[in-house]
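Novice: Here you go, one structure.
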Amino acid sequence: MCIGLGLLWSGLAGCSTVSPAGYYWGKYSETLYPLVSDRSEENLKKHAAELQRIVEVSKEKNLKVPPGIYAELGYTFQRLGDQEETNRQYALEIQTYPESRVFLERLMAIRASPDKAANLSPEGNQ
Amino acid sequence: MGFNLDQTTTPNLLVAILVMLLASGCVPLKSKQESFPRMYGSEKPKSIVVVPAINKSTAADASDYLNVTVTKPFADSGYYVIPISVVADIFRDEGIVDGAQIKGLPPKTFLDTFGADAVLFITINSWDKNFYVISSNVTVDMEYLLLSTHTSEVLWSYQGRLVVQPSQSSTSGNPLADVIANAIAAAITAALTRYIDVAGQVHSQVLVTMPFGEYHPKSGKDGELKVVAEKKQSAAVEE
């Protein structure tokens, strides 16, 4: 891990869009905010697109994808009903951040629903 | 390893420390390790779950802005932060929408549910109406409380007033342009950017006293930094 960060840092000097810990966040907060008040499919897709862009730019810059980005992307796919892509993103999060496992295993146990904003009902989950 | 961090971290840190000094007068500063010893021992958390902010202020949307901006600065401080949007959904579906209700849960709940080592509660005590006025300073009164989900002990806390100076707004500067219909969308975007900037700065200022987590290159090496105002610290722990 330390070696990874070291390599990471050596390539970062002077790059203002990368945060001190070596993450690229894009417009994360800006696309998340509209979802708070209006959990429409349109807002969800816009946020998902930004999450995907964060992943792509991070890879281009040889950066570790920030904590939670794959997880949130997976969760977005779950809400849009794409189970295969959900599982793929959750696996990437666990691979990148093993401490996310308990949380994501709980999410994986939850049934997906495209029309309901978040179907995390007890029957889907226990 | 020679991490070249100073270029990127120093300006923010200096500004934040300066603001703290100005706000608190000549309060003696304690080191991070002295103030938060548990953050340097076996209880040092790796992962944090953030509970949606408890809003006691009159600015109804302040909590939303704080919630959407909280992950970035805490992750940048070296922690794994569980996505707050997902956390909020999980609680909502269990009928819990108010952060105050969540604060009543035993901290161990967050270990069992999220596998998180620590849970962070944020309370807004007051939030300046100037928040909505372009290019004026915003004064807020905040409480942050980080509890161990393993032992329920306080790992880190902050309590106090902060003054945030918004970055330059990205509006056109032409008042006439702002009344034209197709400029409205741009104006809304500029306002959103500004509110997000202010909320993000609140977190960043508070985080000056927070020990770095495992994913930060300075993790475990910042204990001697004297950045914690004594008075605020003791007040926060009493809570």
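The values are calculated or read from the model by the stated rules, or taken from the named source; none is laboratory data. Computed from a predicted structure; not experimentally measured. Glycine gets a Cβ as well: all are built from the backbone with ideal geometry, and neighbour counts include every protein chain shown. Heavy atoms of the whole protein, side chains included, go into the accessibility calculation; ligands, DNA and RNA do not. Shrake-Rupley method; radii C 1.70, N 1.55, O 1.52, S 1.80 Å.
Novice: Report, in listed order, any pair from A:Lys59/B:Lys221; A:Lys64/B:Lys30; A:Lys64/B:Lys103; B:Lys103/B:Lys129 with a Cα-Cα distance greater than 30 Å. Please list the in-between numbers first.
Specialist: Values: A:Lys59/B:Lys221 28 Å; A:Lys64/B:Lys30 33 Å; A:Lys64/B:Lys103 32 Å; B:Lys103/B:Lys129 27 Å.
Beyond 30 Å: A:Lys64/B:Lys30; A:Lys64/B:Lys103.
Novice: Oh, and also: Label points 7 Å out from Cα along the Cβ direction at B:Asp98 and B:Ala60: separation in nm?
Specialist: 1.6
Novice: What does the structure give for A:58-70 when I average, per residue, the other chain Cβ atoms found within 10 Å of the residue Cβ?
Specialist: On the way: counts 0, 0, 0, 0, 0, 0, 1, 0, 7, 14, 10, 3, 1.
Partner-chain Cβ atoms within 10 Å, mean over residues of A:58-70: 3.
Novice: Distance in nm between label sites at B:Ala191 and A:Arg53, each 7 Å beyond Cα in the beta-carbon direction?
Specialist: 2.3
Novice: Then there's this: So how far, in whole Å, is the C-alpha centre of region B:48-83 from the one of region A:35-75?
Specialist: When both Cα centres are located, 17 Å separates them.
Novice: Also, quick follow-up: Give the B-A buried accessible area in Å², both sides summed, 1.4 Å probe, nearest 100. Walk me through the intermediate numbers first.
Specialist: On the way: alone 12320 and 7700 Å², together 16430 Å².
Result for this pair: about 3600 Å² buried.
Novice: Place the peptides B:110-123, B:91-104 in order of packing, highest mean first, counting for every residue the other Cβ atoms within 10 Å and averaging per peptide.
Specialist: On the way: B:110-123: 22.4, B:91-104: 14.6.
Packing order, densest peptide first, comes out as B:110-123, B:91-104.
Novice: Would you work out the charge dipole size for region B:33-210 about its Cα centre, treating the Cβ of every Lys and Arg as +1 and the Cβ of every Asp and Glu as -1, and quote it to the nearest 20 debye?
Specialist: Working: 11 positive and 17 negative charges, 42 e Å.
With Lys and Arg at +1 and Asp and Glu at -1, about 200 debye.
Novice: Between B:His150 and A:Lys45, what is the label-point separation in nm under the 7 Å Cα-to-beta-carbon projection?
Specialist: Placing both labels 7 Å along Cα→Cβ, they lie 4.5 nm apart.
Novice: Inside 10 Å of the C-beta atoms of A:24-37, what's the mean count of C-beta atoms belonging to other chains? Mind showing how you got there, number by number?
Specialist: Details: counts 0, 5, 0, 2, 5, 14, 6, 1, 9, 10, 2, 2, 10, 2.
That average works out to 5.
Novice: Could you report region B:40-124's accessible area per residue, 1.4 Å probe, as an integer in Å²?
Specialist: Numbers: 2580 Å² over 85 residues.
It amounts to 30 Å² per residue over region B:40-124.
Novice: Of all DSSP beta bridges in region B:33-210, what percent run antiparallel (nearest 5)? Walk me through the numbers on the way to the answer.
Specialist: Values: 19 of 27 bridges.
Roughly 70 percent of the DSSP beta bridges within region B:33-210 come out antiparallel.
Novice: Averaged across B:142-152, how many Cβ atoms of other chains sit within 10 Å of each residue's Cβ atom?
Specialist: Taking all residues of B:142-152 together, the mean is 0.
Novice: Quick query: amide H of B:Lys44 versus all other amide H atoms, modeled in the peptide plane; which residues come in under 5 Å with a sequence gap of 5 or more or a different chain?
Specialist: none
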